[in-house]
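Where a number appears in this text, it was derived from the coordinates with a stated rule and is not lab data. Being a predicted model, the structure only gives us computed values, none of them experimental. Glycine gets a Cβ as well: all are built from the backbone with ideal geometry, and neighbour counts include every protein chain shown.
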Amino acid sequence: MNDQNKMQQGNMIANKPRQKDMAPLSFDVRDRSFTSSSFSSPFLLVVIFGAVIILGAVLLMLPMSHHGDGINDPVIAFFTATSAVTVTGLTVVETSSYWSIFGKCVILFLMFIGGLGFMAMAAFLMALLGQRISTAQKLLIRESLNTDKLGGIQRLSVLIVVSAIAIQIVGFVFLLVRFLFLYPFNEAVWQAVFHAVSAYNNAGIVIFPEVDGFKHHGGDFITLGIIMWLIFLGSISFWVIADLATKRTFTLYRLATKITLVATIALILFSTLLFMSSEFSNPNTIGNMNLLEKMGISVFESISGRTAGFTTINYSQVNPATHIFMSFMMFIGGATGSVSGGIKVATLFVIVLSVIALIKEKSHVTIFDREIDPITIRQSYAVFVICLAFVFTSTLLLALTNNHVSVKDLAFESFSAFGTVGLSTGITPELNTIGKIIIMATMFIGRIGPLVIGLRMIPVGQTDSYRYANETVTIG
């Protein structure tokens, strides 16, 4: 009898479903695997960005979106949608004359959503509808917002969206006051709305009615000043703005805020001096201006040229030195968690600090009485190398498929697309279809690539069970 009971119990245990099999599928932002029932957060971000681009392209293909008959060219529609969603600003047609009011509204909406961030916007809309977000959604939003806090993530998302909208409204008011002196009331309102959104989100897309577009306002330093401040606020991230608004002294700021502010100001000063030195005597850019105008344009180009792409000059006529260092500025981009692209200023800052520590033979990297952990340093080098390799690949593919264009211009276009900046020497419309697809892919990866790389490098808590013996490798 005891033997029979044991056999029955054994059969029950054998037939009982395992807890692992019964557990429902869950979503973990740090899960590296992919199944048909769950997505890792990097893949989900790619899907969302892609879906919005496709939706925008379909809307831009409609006859009502452009001036002309019939369905719009799919290449033009997809290129413009990709540029707007990734807040890049590269275009293959003249935005102000090619697109209808409906098409421009679509572009405006895509810039707003693309710059603000889908995760924050989704949490904001769910809060308005009274819906709670799941733990899986919180994890994804947390990573996309560059925060380590999970509690109150929906409230944080709402705060980010509201603050972004508030800054754009203030920018709209200032631009409207200025444009009322330049355009009729209705036109002034429309121009102020579009360019406030385009400037804060660092998109660089303009719809000014003048033939020379933004260059027409090159001498209007009131407009340039407003645009410049909107670009700056959009490129330093919500976290930096929050620290500036709530903490009175520099010593109370978070380490990330201190690094962002110091690195951003240093890059602005550095690129301003380089731009002014390089173009000081160039009659095709700022050579014929007085000293104050040269300084003003140099400051504007150093701020906008690194993240936004608004420009008062023709970059096909700048000196080679300007091409080189502006390409590097575009590759760096803005702050982590901002609307800007590029590898981010904190990444460069950490790399520079680590090199200085290595030269000084220090075992640790420190700044502002804080030590930067080795994992962050390794991630910074990984982001830099991977992104630089991608830009090189993009340039190479463009050179293979568009050998009628100079490599210098192709490289500049690749850096601009990857940094989601939008500066151009004017070759984008001249690229063939394959070249335009390469630029679209570069803009797309430039917008989500550094974020995806960062998410994929999140430690999962697993360590190797063994390590091999060390051996020195000679370098240099």
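Around V365, which amide H atoms from residues at least 5 apart in sequence, or from another chain, sit under 5 Å from its own amide H, with H modelled in the peptide plane?
Counting only residues 5 or more places away or on other chains, the set is I372.
Give the calculated FRET efficiency between C105 and N284 to the nearest 0.05, with a Förster radius of 51 Å applied to their Cβ-Cβ distance.
Calculated transfer efficiency: 0.90.
Based on the Cβ-Cβ distance from H216 to I386, what FRET efficiency comes out when R0 is 60 Å, to the nearest 0.05?
0.90
Find how much the distance from I71 to A321 grows on full extension, using 0.36 nm per residue of separation minus their present alpha carbon separation; answer in nm with one decimal.
The span from I71 to A321 would gain 85.7 nm if fully extended.
Could you give the spread of the C-alpha atoms of the range 172-250 along their three principal axes, from largest to smallest, in whole angstroms?
Reported extents, whole Å, longest axis first: 44, 21, 20.
Applying a 10 Å radius around every beta-carbon, put 195-208, 229-242 in order of their mean neighbour count, most first.
Top to bottom by mean Cβ count within 10 Å: 195-208, 229-242.
For R467 and V170, FRET efficiency with R0 = 56 Å and r from the beta-carbon atoms, rounded to 0.05?
With a Förster radius of 56 Å, E is 0.50.
Report the label-to-label distance for L291 and L269 in nanometres (one decimal), using points 7 Å from each Cα along the Cα→Cβ vector.
So the label points at L291 and L269 sit 2.0 nm apart.
Please compute the modelled spin-label separation between V352 and K247, points set 7 Å along Cα→Cβ, answer in nm with one decimal.
Output for this residue pair reads 2.0 nm.
Between V189 and S406, what is 0.36 nm times their sequence separation minus the Cα-Cα distance? Round to one decimal in nm.
My answer for the length gained is 74.0 nm.
Report, to two decimal places, the Cα Rg of the range 300-397 normalised by 2.2 N^0.38 Å (N = number of residues).
Relative to the rule-of-thumb radius for its length, the range 300-397 sits at 1.25.
Over 10 Å intervals from 0, what percent of Cα-Cα pairs in the range 38-456 sits in each interval?
All Cα pairs considered, the percentages come to 5, 22, 33, 27, 11, 2, 0.
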